[in-house]
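Nothing in this text is a laboratory measurement; each read-out follows from the coordinates by a stated rule. Since the structure is predicted, the reported quantities are computational estimates derived from the model, not experimental observations. Virtual Cβ from ideal backbone geometry, glycine too; neighbours counted across all protein chains shown.
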Amino acid sequence: MLRKLGLILLVGVLALSFAACTATEEAPGASETNQGEVVALVNNQEIYKSDFDRVLEGMKSQYLQFGIDFDSEDAKEILVELEKEAINNLVRHEVLLQDAKEKGYEAPQDELDYEIERIKGQFESEEEFENALEINNITLEQLKRNIGNEMILGEYLQQELGEESVTEEELRELYEVYSEMMEDIPEFEEIRYQLIEEIQYERFQEKFEVYVGKLMEENTIEILL
C-alpha cells in the first residue's frame with residue numbers, strides 16, 4: 001500500500017517519466033551544452049534548466065485546462081509560484097534519490113523489464129513507440145533510467161517511512177464525517193478500504209514532508225535561478 005502511495009506522490013508530483021532525465025545519472029554523451037544552464041546543485045550534482053523547463057511545462061499544462069493564460073498579467077504570480085514549486089520538486093527528487101542510492105536501493109531488473117514492455121504494449125508498433133520517445137526528446141536508456149529511479153524511490157519510501165495501521169475507531173469517525181457531507185453515502189463496509197487508503201495517504205504525506213525536510217537540511221543545496 002505504502003509503495004503505491006509513494007509512487008503516486010513521486011510520480012504525480014516529482015517524477016519525470018517521459019518528461020526528463022534525472023540529474024543523478026546523465027545519459028552517455030550528455031553535457032551542459034545540450035541540457036542548458038545549471039539551475040540547482042544538490043551536493044554538487046547539477047540539475048539542468050532543460051529538466052526544469054520540462055517539469056514546469058507539465059505543471060503549466062494542468063492550469064491551461066482551466067483557461068489560465070500565462071502570457072497575461074493576472075497569471076504572473078501563478079507562474080512565479082509554479083517556478084518555485086518546479087525547482088523545489090526537482091531538488092527534493094534528487095535529494096531523495098541520492099539518499100536511496102547511498103543506502104543501496106536498486107531497481108529489480110525483471111520488474112524494470114516488465115514495466116518497459118508494458119509501456120511498449122500501449123503502442124501499436126515498435127516504430128510508434130520510438131516516435132513517442134523522439135517526440136518527448138528522450139532515449140530508451142533515459143526512459144529505463146527514469147523508471148528505474150522511480151522504482152527505487154517507491155521501495156525506498158516504503159522501507160524508510162513504514163506503514164501505520166488504521167484503527168476501527170478512526171475509520172468510523174471518517175465515515176461519520178462523510179455521512180454528514182453526503183446524502184447517499186454507501187454502506188461503511190462498501191468503502192472500508194477507500195477510507196483506509198485515505199487515512200494512510202494523509203499520514204504518508206505528513207511523514208513524507210517531515211522526512212524530506214530533514215534530508216533537505218542535511219544536504220548541501222544551492223538554487224541558481
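If you take the residues in region 183-221 that are hydrophobic (A, V, I, L, M, F, W, C) and more than 18 Å from the chain's Cα centre (by Cα), which one is farthest from Glu169 (Cα to Cα)?
Ile221
Mind checking which residues of region 77-136 are small (Gly, Ala, Ser) and not in a helix (DSSP H, G or I)?
Gly104, Ala107, Gly121, Ser125
In region 165-196, which residues are surrounded by 15 or more Cβ atoms within 10 Å (Cβ to Cβ) and within 30 Å of Leu96 (Cα to Cα)?
Correct list: Val166, Leu195, Ile196.
Look through Glu163, Glu150 and report the one residue that is part of a loop (DSSP other than H, G, I, E, B), in contact (Cβ under 8 Å) with a residue 60 or more places away in the chain and either in contact with a Leu (Cβ under 9 Å, 6 or more places away or on another chain) or within 24 Å of Arg92 (Cα to Cα) (or both).
Working: Glu150 fails: part of a loop (DSSP other than H, G, I, E, B).
So the residue among Glu163, Glu150 that is part of a loop (DSSP other than H, G, I, E, B), in contact (Cβ under 8 Å) with a residue 60 or more places away in the chain and either in contact with a Leu (Cβ under 9 Å, 6 or more places away or on another chain) or within 24 Å of Arg92 (Cα to Cα) (or both) is Glu163.
Please name all residue pairs, on different chains or six or more residues apart, with Cβ atoms under 8 Å, provided the first residue is in region 199-225 and is under 24 Å from Ser165 (Cα atoms) and the second residue is hydrophobic (A, V, I, L, M, F, W, C) and not in a helix (DSSP H, G or I).
Ile199/Val166; Gln200/Met1; Gln200/Val166
Regarding Tyr156, is this residue assigned to a helix (DSSP H, G or I), over 24 Å from the mean Cα position of the chain (by Cα) and surrounded by 12 or more Cβ atoms within 10 Å (Cβ to Cβ)? Spell out how you get there, then give the answer.
Details: assigned to a helix (DSSP H, G or I): yes; over 24 Å from the mean Cα position of the chain (by Cα): no; surrounded by 12 or more Cβ atoms within 10 Å (Cβ to Cβ): yes.
In short, no.
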